[in-house]
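The values are calculated or read from the model by the stated rules, or taken from the named source; none is laboratory data. All figures in this text were calculated on a predicted structure; none of them were measured in a lab. Virtual Cβ from ideal backbone geometry, glycine too; neighbours counted across all protein chains shown.
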Amino acid sequence: MSTEVVATSVVSDAQQQSPSAPTQQKSVEKVNLLGMSRPQMEKFFEDMGEKKFRAGQVMKWIHQFFVTDFAEMTNISGKLREKLEKICEIKAPEVVHKNYSKDGTRKWVFRVGDGEGSLVETVLIPAEHRSGLRRTLCISSQVGCALDCSFCSTGKQGFQRDLNQAEIIGQLWMANYSYMEDVPVLERERSVTNVVMMGMGEPLLNYDAVLNSMRTMLDDFAYGMSKRRVTLSTSGVVPKIDQMVKDIDVALAISLHAPNDELRNELVPINKKYPLEQLIAACQRYIAKDGNESSRKHVTIEYVMLDGVNDHPEHAQQMIKLLKNLPSKINLIPFNPFPHAPYGRSSRNRIISFQKTLSDAGFVCTIRQTRGDDIDAACGQLVGQVADRTRRAEQWKKKVAAKNEILRSQG
């Protein structure tokens, strides 16, 4: 099979995996190997007439030594390197903005797509842990988000498109490379210890690309991450949670934010389609898998604390009732305000009181430490400042302004 036919075939496969990816117009356009999972890359090499073990070799160079130049792949024949150079590339998304906080938090804004493209964010948060320094990377899966949660900056920017596998894995690649770019190739090592699919977008609405990307994160030929250290966070797309049971074993987190349907309908509109009873049942099915090595021993519950909205004592009691039969750990998240946000952050005393109620009921309940405030590290904030091209944000700001005007006229 000719190299041009191979390139055309792989590009076609990539388009099927990511339907919203830009249409490839030329068969000679280079194939980006960065986002390929091992099975995809093995097929690619076999279609080239090469042994499939070459896939593992190339993946190690890309994801463990962060090499983008085929000439540096010294255990591959010169002839194959020349062939790869002609039809392939290893290309991460373009960094258009980066900011490193004084507390160690790092944030990137990436341009994805052709031309001016679109922008997504990635945040890396370091923390001391009993096992050593932990670096957790929060990865985006979509440009914007269609779910429009009322407290979320990303939701106010509207939805543009899904990210493809190279754009998802490229965030992890760049975060690791940021620590290794001045280190000799053979001395480089992976620095990111944990990944959370919790950035811009709803990952379960970009299922195939996210699934294959997580498989690459777990792959020993790539990042070799423990399945307990890869977490998918969802607002509650119930059918896809059930599909994950069959497809992959990673940790699951639920963006809950309200303990009853009435309030959650307001804060997380997808709850109208998949209400709490259905969501909790899906979580129970997800962790029902047997086996000591499974990462599905519990579900992490994420709960943003909004002043006067979801932080009352009765909300804590409702949480206890809601989660009583679901093995879970609760993470209380102080709200990170953004311009024109209609909410405020709950007071420290209110958050601690909420935590105590849940802890006294037997739940493991932690309060997330706020990090990166000096670099707008809350998801979606920086993109909203760098380039907000949607009408949704404009309309939302007008709505907030009108509501404030009514309150002033009444008071």
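At least 2 residues being modelled with pLDDT of 95 or more is the threshold, and among the strands (runs of 3 or more DSSP E) wholly inside region 120-232 those reaching it are 132-138, 194-197. Filtering Ser213, Ser153, Ser178, Ser140 for residues that are hydroxyl-bearing (Ser, Thr, Tyr), within 28 Å of Met73 (Cα to Cα) and buried (at least 24 other Cβ atoms within 10 Å of the Cβ) leaves a single hit, Ser213. In this structure, does Ala166 turn out to be under 16 Å from Arg106 (Cβ atoms) and aliphatic (A, V, I, L, M)? No; evaluated as a whole, the condition is false for this residue. Among Glu82, Glu42, which is surrounded by fewer than 18 Cβ atoms within 10 Å (Cβ to Cβ), outside the structural domain of Met198 (by TED's automatic domain parsing) and at negative phi? Checking each option against the conditions leaves just Glu82.
Within region 93-137, being surrounded by fewer than 14 Cβ atoms within 10 Å (Cβ to Cβ), acidic (Asp, Glu) and touching a residue at least 40 places away in the same chain (Cβ under 8 Å) holds for one residue alone: Asp114.
Pro337 meets the conditions (1) free of Cβ contacts under 8 Å to residues at least 12 places away in the same chain; (2) over 24 Å from Asp148 (Cα atoms) in every case but one. The failed one is (2). Ile62 meets each of the listed conditions (1) modelled with pLDDT of 95 or more; (2) surrounded by fewer than 16 Cβ atoms within 10 Å (Cβ to Cβ); (3) under 25 Å from the mean Cα position of the chain (by Cα) apart from (2). The residues on offer are Glu293, Glu302, and the sole one that is at pLDDT 95 or above and among the acidic types (Asp, Glu) is Glu302.
What about Ser140, is it hydroxyl-bearing (Ser, Thr, Tyr), on the phi < 0 side of the Ramachandran plot and more than 12 Å from the chain's Cα centre (by Cα)? Taking the combined requirement at face value, the residue does not satisfy it.
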